[in-house]
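Quick notes on the structure that follows.
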Amino acid sequence: MNSALVVIDVQNEYVTGGLPIVHPRVDGALEQIGRSIEAANERGIPVVLVRHTETDDESTIFVQGTDAWQLHESVSARPHDVVIDKQWPGSFTDTTLGEWLSARDIGALTIVGFMTHMCVDTTTRQANHLGLDVTVLTDATGTIDVGDLQAELVHQVELGVLASGFATLATTDEWVASVRGE
């Protein structure tokens, strides 16, 4: 079965913009995301970069063309196969992602990126519902505080929910070792 690495919303908005990732620390998450991209490229696993674009004229985040909307250099500077723009939390909704994966006979996804409780969650569930095998890298995803809930709790609970039937969880070290056959 062919697989792909899907890198969700690693945009400046989450690093230096209005929604900085809190847990895991954004610099650590970016490092792990970069390692996953490098390992995928080493093994010929397609890398899909997904970018959120806000269409609401009143929005102050993810505004197309702004620096905050741009993909962070830790992903954009690395080789990748395609950039897919989305307007919803799910990377499959109103995008070409499903068609792109199908054309390459991809049946398994590894998901990294931001935010664990929103776009990572929605995309993971969508992929599962489409019959794709999904792995989420726990240290290569991240989130923010949600109301009174601290980001660490939000991250842990969301990953626990995803592991209850939607995805397999792994660390970047575990995943890199597996794709390298170690």
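What follows draws every value from the coordinates through simple rules; no lab data is involved. Small disclaimer: the values here were computed from a predicted structure and weren't measured. Cβ coordinates were reconstructed from backbone atoms using ideal geometry, including for glycine residues, and neighbour counts include every protein chain displayed.
Tell me whether the stretch 141-182 comes out rounded, prolate or oblate; compute the Cα gyration tensor, take square roots of the eigenvalues as a ≥ b ≥ c, and use a/c under 1.5 as the rounded threshold. All intermediate terms of the calculation are to be shown ahead of the outcome.
Working: a/c = 4.70, a/b = 2.10, b/c = 2.24.
Since a/c reaches 1.5 but b/c is at least a/b, the shape of the stretch 141-182 is classed as oblate.
Once amide H atoms are placed 1.01 Å from N in the peptide plane, what residues at a sequence separation of 5 or more from Thr135, or on another chain, have their amide H within under 5 Å of its amide H?
The answer is Leu109, Thr110, Ile111, Thr168.
Using 7 Å Cα-to-Cβ label points, what is the Trp88/Asp173 separation (nm, one decimal)?
Each label point is offset 7 Å from its Cα along the Cβ direction, giving 3.8 nm.
What is the chain's relative contact order, in percent, from Cα pairs under 8 angstrom and six or more apart in sequence? Working shown, then result.
Values: 363 pairs, mean separation 51.6, N = 182.
Rounded, it is 28 percent for the chain.
Could you pull out the GluC sites (Glu not before Pro) across the stretch 49-117 that fall in loop regions by DSSP (anything but H, G, I, E, B) with no more than 15 other Cβ atoms inside 10 Å?
Numbers: sites: Glu54, Glu58, Glu73, Glu99; in loops: Glu58.
Of the GluC sites (Glu not before Pro), the ones in loops of the stretch 49-117 whose Cβ has at most 15 other Cβ atoms within 10 Å are Glu58.
What is the extension gain from Asn128 to Ser76, computed as 0.36 nm multiplied by their sequence separation minus the C-alpha to C-alpha distance, in nm to one decimal?
16.0 nm
When the helices in the chain are scored as -39500 (n - 2.57) per DSSP H run of 4 or longer and the sum is shared across all residues, what 222 nm value do you end up with, to the nearest 500 deg cm²/dmol? Present the calculation step by step, with values, prior to reporting the outcome.
Numbers: 6 runs with 58 residues, N = 182.
My calculation for the chain gives -9000 deg cm²/dmol from helical runs alone.
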